[in-house]
Structure formats: C-alpha cells, structure tokens
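> Got a structure for you, written out below as structure tokens; questions coming shortly.
The values are calculated or read from the model by the stated rules, or taken from the named source; none is laboratory data. Small disclaimer: the values here were computed from a predicted structure and weren't measured. Cβ placement follows ideal geometry from the backbone for every residue including glycine, while neighbour counts extend to all protein chains displayed. With ligands, DNA and RNA removed, areas are computed over all heavy atoms of the protein, side chains included. Shrake-Rupley method; radii C 1.70, N 1.55, O 1.52, S 1.80 Å.
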Number of protein chains: 2
Amino acid sequence: MPIEKLDEENLIEHLKESFLTSPPLVGIGDDCAVIPYDQNNSWLITTDALAEGIHFLKEQISANDLGYKTIAVNVSDIAAMGGSPCYAFLSVAMPKNIDCQWVKEFIAGIKEGCQRWNISLLGGDTIGSKRDLFINLTMIGSAKSTHIKYRHQAKSDDIICVSGFLGYSAAGLHALQSNHAHTSDIKSILSAHFRPNPQPLAAAWLASKQGINAMMDISDGLNCDLQRLLKSSHKGAVIEVTKLPLSKVLLNVAKDNALDPLQLALTGGEDYCLLMTISAARYAALSGEFAKLFATPLYAIGHITDDICELKYCREGEFIQIDYNNYNHFA
Amino acid sequence: MPIEKLDEENLIEHLKESFLTSPPLVGIGDDCAVIPYDQNNSWLITTDALAEGIHFLKEQISANDLGYKTIAVNVSDIAAMGGSPCYAFLSVAMPKNIDCQWVKEFIAGIKEGCQRWNISLLGGDTIGSKRDLFINLTMIGSAKSTHIKYRHQAKSDDIICVSGFLGYSAAGLHALQSNHAHTSDIKSILSAHFRPNPQPLAAAWLASKQGINAMMDISDGLNCDLQRLLKSSHKGAVIEVTKLPLSKVLLNVAKDNALDPLQLALTGGEDYCLLMTISAARYAALSGEFAKLFATPLYAIGHITDDICELKYCREGEFIQIDYNNYNHFA
C-alpha cells in the first residue's frame, strides 16, 4: 500500500499501539511526551521535523526566518501543554548547494529564537543530504506536573476557545505564492507566516488555572486539530463560524486574492495559537482576567457536546455543511 | 563557500561558539549533552540523523535492520558517557515510494531495539519527503552524575584502550558493495554492519570505576575519533598498530577483496565500540576484572602523550606514516 493510504493519523495510531506507556509517563498522542523528574515537576518533550519542498521552499523563506520558525513551532508545542521551553537539540541534513552564508544565517535565526524564549541549544547532529534539506528539532520544556494540560480532558458543555486569529499564516502563504504586491497588509501577514508567535507565558498562566480542561496548539488548522481533541476526549463539538476570529487584514487579502476566508481559517494550518476547552462556569472570570493580563481576548467559538467525534458547524445558529480537505503532511 | 569547505568539525565549532553553556549543563561537543535533574543524577541526551544515500542505501539494508540500527547507534552514544538508555523520540521523513510493509518492518526493528535495551519510545514526528528518506532519533539516558565520562579528561601516560574489534562493520560494507558470495565469514561481518552491538552495561561498569579518565564511542573510525578525543583533552597519542584488534574474519575478507585491513580498522567507521584512556596504574586491575565480568578484553593499543593534538602511529616501536582520509559525513 503506498504511503498516501498510510496517512499521518494511521501512522500515529500504529506507533501508539506499538509503543504503549504506563503512567506517570505519557507517550505518543499529545503535543508533548511527559517524563516526571521529581515529586512536583515534569519534562515535556516535543519534536518537529521540517522537509524542503513539503514544509518550506528554500527560495521563499530566508535562512534566518527558517531558523527562527524551527524554534517557534516547537515552543508552540511546549506551550500547548502549559510548559516553559528549556533545551533544544537540532539536526540538519544539508545538500551540497547550501553555502556557508546560508548556514550562518540559519544558525543566527535559531539563536534569535533561543534568546527570545530563553532556551539553551545543547546538541544535535549535522549530516549531508543527497538532494533536499531536512531539519529536526527536539525541545525539552518543564512544567509543574499538576499544571500540565492534555487534549483528552474536554468535558461536555465546555466553552471552546482559541487564543489568536485563525488563517492568518495560511493567507500569508497564499500571498507569497501569488507574488502579490507587498502592501503593508501583506507584510504583516507574511510576518505571521515566517515568524510564528507562540505565547508560552500566557499558556503557562492558563495551565495553572482550574477550569481549563483540555488544551493543545493549532498547527494543522482548527478543523483538523479540533477533530484530534474530540477523538482524544471522546466528545463532539459545535462551532459557530461567525465567532471565528478573522482579522481585517485576512479578510482584505482573501477578497483581493479570491480566497474563501472561512476555508483559510479552518484548514490553513500554522496558526500556532492555543485551542482550549473551558468549564462554562469558569469561562467569564478566566477570559476577563486573561484579557487584562495579556491584552488579548480568549475567543469563544463554540462548545463541547456528547456526540462522540462529531464536529458540527453553524452560522447564526443554523447548521451548515463544511467539507474542506484538511492539511495533509504527506501531500 | 560551498558546504564541502564547511565540514562537520567546522560546523560543530561554529555551533559550540554560538551556543555556549555553563556548568553543570554540558552542551555541544561530546557524545551526549548532560542535564542534571536531581542532587545525584543527570540525563544524557544524544541525537543521530541518518540520510538515505549518505548513511544507508534502501536497497542494501532491510527496513527491520535500519530500525534496529537507528536505536543501536544512539545507545552507543549514551553508553559512551557511561549512561543507561531510557527514552527515544523518532522522526521519519518518508517519500511516497515507501509502502506500508516497509514502514511496519522499520517500526518492528525500532521496537526490537527498544526491547533489547529497555527503552520507551515516547514521541517524534512523521512527515512526508519529496525524494529521500530521513530518520532522526533523539535518545535520553540517565547516569549517576559523578560517573559520567567525557572525552576531554585524558591524562598524559594513560593507556588507550578499545572495547572491540575495529574495521569489522566497514569490511561488511565493502563486502556488501562488492556483491561478494555470502560465506559464513561475510554473514557474520554483515551482521556487525547492520546490527551494531553497543554494550551499555559494560560501559556503565567502566564509568563507575576510578582510573577511566576519558571515554567516547568510535563511530567515524579510530583515527578520526581519537583525534577528537585528543583535541578535547589537549593531548597527543602514540598508537602501536600491531596491537589493534583485527578479527580473523576481517583479515580474510580484506585479503579476498584486496582491501588494506589497517585502513579499514582506522578509518572504516561504524565500529560502535568504546575508546577510553585509563590511568596506567589502574589498567592491569581494571582490564582483568573487565575480562572476567564481560568475557571480552580491553585492548590496549597505545598511550597518551603531552604533544597536543599529535596522533602518531608506530609498528613494533618504529614510527610509521599514515595518511588515510577520514570518513566524511558530507561526502
């Protein structure tokens, strides 16, 4: 069977079944693995691999931005479970057409990301590659064990929230590919695409609060990642599409490029904001406090239901049919 | 400057300078990074990346052996510093010509390696690749902090020892590439190439002993790795080539294939045995005890000198000139 049939979800299922773990260890299936290291604290470990031609085009992203983004996407996974990033291990497989200048700028981007989030890069591997460039980063973060949030603990009637605009990075990718004039709108949206902005401090604050039941980051689009959360939690959800946070810039770019803003928001991927479910009784107080502390709202976009794995969308209360294809890592 | 000029040693130097660490953390430059996690114990972390066409040819190694080898080469790095392997994180970038059967056998090989050394695979990443197959494994091991051995602590007059045959795996690679008839000699030597046999229990025993001053594994050939040890320790060495452990099988294969056994032993790579320097006063007792416990000798092959970074070879006491090229990861 070719690998198109063995998609990422099936492969992860196969790996989960092959490598079972027992508590307090947490293995495959969430944003990070969890290894308790003393009475109160745990390491969170995540890994992200990036392949040339699949995750990035070397002609379209600067070496510096690619380095920074490599750090940022892993910070997003650590933040997704409520941890603070600490250590990183970088592997790079480089074809011969990479020059010294590129490597220096890439490493400078890695360093900039490490400095921003106070991360020590402690090791890795550098190898040759016949043709394509590959990058792998493993990041270790830490968290108070009782604060760690998982994707499998959503409860019925929880309010579903996201912590930032959706579809913004995906719109940047489209603008880039269409060689659209670089207006200031486009520049701000390209910056979201090249330099994701995860918020581990805000995430750690949320993780320390009771009432946040499930949490993860949105890296493959809300539609795909919410389905994962629902599958893990054995729950369903209803999303009100008029509540999705779509920025004015996104709406302008979508209009100018004849793109569907809803499709970008639901399936675009690379949002790197948080998706969480909050106990309805705690939502008002938590979101008020969050907005005051971090000067950005928690956007309530729907609620959790008992209909296992059923993700429904409605517009002003009326159910609507959505059948966009999710982002596919094996495409 | 093309990447041929930016070789692995230069790149590692650049990374070391860019990402300095302070004790008790140990970063780039040894077989593993070290992160203390309580009063007495530390994590050891290592990463190995393998690229199709550089480190392996998919037509020449079975998926199962490749999985097993991916685990074994990382176990060798953990053992090299005296640790016991605990956790693994696997990334695979797969082109579309990989089928389900291949993936299942690869994962079975990973699992076999994990079971042999009691390792929990806790996570990783699975992505698509345009053309080549890439594998990255990050392994976490643990060790008593006072037992950890480094490559920078060789002392003058230390006896230099290796824990196994040299050049055996490299001879296997040559036999494979020459399509030589699969005699039983060749089969045993191919097994060393496909299924390296690191010995973390023996390594942990050695690490617990006083008198072992420096230790590392031999992955890129004795000539290359001993130079690294000398550079880290600011020392020199003299190696007596008649003392190098060359198996009868290796000598037979070398003769039949018109290969230089000394070149294989010094530059072949992938030996995955230990290289260590032992205080001369402690050598006899330690090697005797080691041979009794692990049924294999510590081969004494030379001694450490004060001539910084000078690696000299002699044959029966007479200096000889050796100018083989080292294995190059960017070739």
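> Looking at the structure I just gave you, is A:ASP217 within 17 Å of the chain's Cα centre (by Cα) and not in a helix (DSSP H, G or I)? I'd like the intermediate steps shown before the answer.
Numbers: within 17 Å of the chain's Cα centre (by Cα): yes; not in a helix (DSSP H, G or I): yes.
Yes; evaluated as a whole, the condition is true for this residue.
> For the range B:108-143, give me the residue count where each residue is facing another protein chain (nearest Cβ under 7 Å), within 23 Å of A:SER129 (Cβ to Cβ) and open to solvent by less than 40 Å² (accessible area, probe 1.4 Å).
10
> Next question, about the same structure. A:VAL92 fails exactly one of the following numbered conditions: (1) open to solvent by less than 20 Å² (accessible area, probe 1.4 Å); (2) away from chain B (no Cβ under 11 Å). What is the number of that condition?
(2)
Residue-wise test of (1) open to solvent by 30 Å² or more (accessible area, probe 1.4 Å); (2) at pLDDT 95 or above.
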| position | (1), (2) |
| --- | --- |
| A:GLN227 | yes, yes |
| A:LEU230 | no, yes |
| A:VAL238 | no, yes |
| A:LYS243 | yes, yes |
| A:LEU251 | yes, no |
| A:ALA254 | no, no |
| A:ASP260 | yes, no |
| A:GLN263 | yes, no |
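> Now for a different question. Taking the criterion of being surrounded by fewer than 19 Cβ atoms within 10 Å (Cβ to Cβ), in contact with a Phe, Trp or Tyr (Cβ under 7 Å, 6 or more places away or on another chain) and not in a strand (DSSP E or B), would at least one residue in the range A:271-284 satisfy it?
No, the conditions are met nowhere in the range A:271-284.
> I need the full set of residues from the range A:37-75 which are open to solvent by less than 10 Å² (accessible area, probe 1.4 Å), within 20 Å of A:LEU122 (Cβ to Cβ), of a type outside the set (Val, Ile, Thr) and in a helix (DSSP H, G or I), in order please.
A:GLY67, A:ALA72, A:ASN74
> Do you know which of the residues in the range B:27-36 that are touching a residue at least 12 places away in the same chain (Cβ under 8 Å), assigned to a strand (DSSP E or B) and closer than 22 Å to B:SER208 by Cα is most open to solvent (accessible area, probe 1.4 Å)? Step through it out loud before you land on a result.
Of the residues in the range B:27-36, the ones touching a residue at least 12 places away in the same chain (Cβ under 8 Å) are B:28-34, B:36.
Those left that are additionally assigned to a strand (DSSP E or B): B:28, B:30, B:33-34, B:36.
Still in the list and also closer than 22 Å to B:SER208 by Cα: B:30, B:33-34, B:36.
Details: B:ASP30: 29, B:ALA33: 3, B:VAL34: 4, B:PRO36: 47 Å².
Per the criteria, the residue is B:PRO36.
> A follow-up question, please. With the structure loaded, tell me whether B:ARG151 is within 21 Å of the chain's Cα centre (by Cα) and surrounded by fewer than 23 Cβ atoms within 10 Å (Cβ to Cβ) or whether it fails that test.
Details: within 21 Å of the chain's Cα centre (by Cα): yes; surrounded by fewer than 23 Cβ atoms within 10 Å (Cβ to Cβ): no.
So B:ARG151 does not fit the description; no.
> Kindly list the number of the only condition in (1) modelled with pLDDT of 95 or more; (2) over 29 Å from A:ILE212 (Cβ atoms); (3) in a strand (DSSP E or B) that fails for A:THR126.
Condition not satisfied by A:THR126: (1).
> Out of all the residues in the range A:302-331, which are modelled with pLDDT of 80 or more, under 30 Å from A:GLY53 (Cβ atoms) and open to solvent by less than 50 Å² (accessible area, probe 1.4 Å)? Steps first, answer last, please.
Step one: list which residues in the range A:302-331 are modelled with pLDDT of 80 or more, which gives A:302-324.
If we keep only those that are under 30 Å from A:GLY53 (Cβ atoms) as well, we get A:322-324.
Within the range A:302-331, just A:ILE322 meets the criteria.
> Continuing with this model, one more query. Anything in the range B:54-89 that is without any contact (Cβ under 8 Å) to a residue 12 or more places away in the chain and either in contact with a Ser or Thr (Cβ under 8 Å, 6 or more places away or on another chain) or among the charged types (D, E, K, R) (or both)? List them, or say none.
B:GLU59
> Something else about it: Here is a check on your reading of the model: is B:GLN199 closer than 30 Å to B:ILE45 by Cβ and out of contact with any Pro (no Cβ under 7 Å at 6 or more places or on another chain)? If you could, list the steps in order and put the result at the bottom.
Details: closer than 30 Å to B:ILE45 by Cβ: yes; out of contact with any Pro (no Cβ under 7 Å at 6 or more places or on another chain): yes.
Against the criterion (closer than 30 Å to B:ILE45 by Cβ and out of contact with any Pro (no Cβ under 7 Å at 6 or more places or on another chain)), B:GLN199 qualifies.
> Only one residue in B:SER208, B:SER184 is open to solvent by 40 Å² or more (accessible area, probe 1.4 Å) and more than 24 Å from B:GLN153 (Cβ to Cβ). Which one?
Details: B:SER208 fails: more than 24 Å from B:GLN153 (Cβ to Cβ).
Going through B:SER208, B:SER184 in turn, the sole match is B:SER184.
> Spot the failing condition for A:ALA51; the list is (1) in contact with a Lys or Arg (Cβ under 9 Å, 6 or more places away or on another chain); (2) free of Cβ contacts under 8 Å to residues at least 24 places away in the same chain; (3) within 7 Å of another protein chain (Cβ to nearest Cβ), and only one is missed.
(2)
> OK, next. Out of all the residues in the range B:286-301, which are part of a helix (DSSP H, G or I) and surrounded by 12 or more Cβ atoms within 10 Å (Cβ to Cβ)?
First, pick out the residues of the range B:286-301 that are part of a helix (DSSP H, G or I): B:286-294.
Within the range B:286-301, B:LEU286, B:SER287, B:GLY288, B:GLU289, B:PHE290, B:ALA291, B:PHE294 meet the criteria.
> Another question, then. Does A:ILE12 satisfy being of a type in the set (A, V, I, L, M) and in a strand (DSSP E or B)?
On the way: of a type in the set (A, V, I, L, M): yes; in a strand (DSSP E or B): no.
So A:ILE12 does not fit the description; no.
> All but one of (1) at pLDDT below 90; (2) farther than 23 Å from B:LEU190 by Cβ; (3) among the hydrophobic types (A, V, I, L, M, F, W, C) hold for B:LEU57; which doesn't?
(2)
> Would you pick out the residues in the range A:69-87 that are more than 28 Å from A:ASN213 (Cα to Cα) and facing chain B (nearest Cβ under 10 Å)? So that I can check it myself, show each step before the final result.
So in the range A:69-87, the residues more than 28 Å from A:ASN213 (Cα to Cα) come out as A:69-70.
None - no residue of the range A:69-87 is more than 28 Å from A:ASN213 (Cα to Cα) and facing chain B (nearest Cβ under 10 Å), so the list stays empty.
> Taking interchain pairs and intrachain pairs at least six residues apart, which have beta carbon atoms under 8 angstrom, with the first residue in the range B:311-323 and farther than 24 Å from B:ARG228 by Cβ and the second open to solvent by less than 100 Å² (accessible area, probe 1.4 Å) and in a strand (DSSP E or B)?
B:GLU316/B:GLU240; B:GLY317/B:GLU240
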